[in-house]
Amino acid sequence: MGFVARLILLLAVVAGLAAAAVAWLGAPGESDPVALPAHTADPENGKRLFIAGGCLSCHAPPESSGIDATLPAGGAPLKSPVGTFYPPNITPDRETGIGAWSDAEFIRAMREGISPGRRHYFPAFPYTSYRHMTIADLLDLKAYLFSLEPARNPAKRQDNPLARLARAFVGPWKWIAMNTRVVADDPARSEAWNRGAYLVQGPGHCGECHTPRNIFMAWRADAFLAGGPHPEGKGKVPSLRGLIARKRFKDVDDLVLAFQFGEVLGYEDMSSGGMGKVRGNIGTLPEDDVRAIATFLLSLE
């Protein structure tokens with residue numbers, strides 16, 4: 001059973017235990033104002049983060065829409081064990097996209113999973129990882145999205161009755177499953193390692209697939225990136241730990257080449273399944289970012 005299906009079953013149990021606490025405390029972030037720092041947004045950095053997060057992989061429009069496939073206009077089906085999701089339009093169209101969102105609303109959605117209408121987003125949207133991003137980076141990402149051409153593409157009705165039922169219990173689940181920390185630099189590590197740690201844990205949201213979960217469907221802190229069941233119920237996701245010890249890659253240069261060229265240079269595993277899209281995104285990042293990601297991953301024992 002995949003992550004989404006197991007989460008829905010769990011939420012019904014968790015809700016009964018957590019409802020009283022949530023009624024008293026509210027869901028994480030619901031009453032907390034978003035403090036926005038003085039910041040001049042950098043759309044170019046936002047584009048880099050957009051690529052690192054593979055945003056277009058989920059938010060691309062369906063071929064039948066006639067919308068430019070390079071725009072994250074949403075609507076292509078995303079199948080799960082409990083039904084089909086349709087990722088939304090995140091172009092700056094004011095009626096069907098996010099063009100009317102304020103900076104604070106964007107930050108709250110990305111870090112807390114709360115919509116401008118104060119609804120909890122279902123965690124198929126990986127805000128549990130994006131919450132580790134800095135506010136400055138998120139404002140840069142918003143600036144890039146708002147620099148794109150608006151595309152009119154109304155949201156499709158979710159073919160997901162169980163998920164709609166479970167959405168009411170996402171708030172209680174957040175108290176258990178959402179890590180409140182933000183990724184911080186380790187002064188004992190190199191600049192490249194710290195950059196890689198940030199990209200992997202924040203915008204890259206690698207842990208969403210590669211980290212096993214506990215009974216509450218929260219990440220197991222003792223098994224970060226150690227592999228586990230596929231989120232869509234399609235077998236197993238491999239561990240990203242011990243890549244050198246397991247002789248998957250020789251060194252940082254080897255992994256950088258694998259990200260950049262994949263099967264062209266014989267790195268077959270880097271182009272199979274969902275990893276093909278991930279590799280394609282990472283491989284187009286500036287080389288210093290690709291090298292940073294490789295440096296961090298190869299440090300994991």
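The values are calculated or read from the model by the stated rules, or taken from the named source; none is laboratory data. All figures in this text were calculated on a predicted structure; none of them were measured in a lab. Neighbour counts are summed over all protein chains in view; Cβ atoms, including those assigned to glycine, are modelled from backbone coordinates with ideal geometry.
Which of the residues spanning segment 225-255 are without any contact (Cβ under 8 Å) to a residue 40 or more places away in the chain, part of a loop (DSSP other than H, G, I, E, B) and surrounded by 15 or more Cβ atoms within 10 Å (Cβ to Cβ)? Residues satisfying the conditions are Ala226, Gly227, Pro238, Ser239, Arg248. Pro87 falls short on exactly one of the conditions (1) over 15 Å from the mean Cα position of the chain (by Cα); (2) part of a loop (DSSP other than H, G, I, E, B), and that condition is (1). Taking only segment 182-237 into account, find how many residues are modelled with pLDDT of 90 or more and among the aromatic types (Phe, Trp, Tyr). Matching residues across segment 182-237 total 3.
Would you be able to say whether some residue in segment 102-114 is surrounded by fewer than 21 Cβ atoms within 10 Å (Cβ to Cβ) and under 25 Å from Met275 (Cα atoms)? No: zero hits. Go through the residues of segment 211-218 one by one and say whether even a single one is in a helix (DSSP H, G or I), polar (S, T, N, Q) and either free of Cβ contacts under 8 Å to residues at least 60 places away in the same chain or buried (at least 17 other Cβ atoms within 10 Å of the Cβ) (or both). No, segment 211-218 contains no residue that is in a helix (DSSP H, G or I), polar (S, T, N, Q) and either free of Cβ contacts under 8 Å to residues at least 60 places away in the same chain or buried (at least 17 other Cβ atoms within 10 Å of the Cβ) (or both). The residue list Glu44, Glu95 contains one member that is outside any loop (DSSP other than H, G, I, E, B), surrounded by fewer than 18 Cβ atoms within 10 Å (Cβ to Cβ), at pLDDT 95 or above and not assigned by TED's automatic domain parsing to the domain that holds Asp288, which is Glu44.
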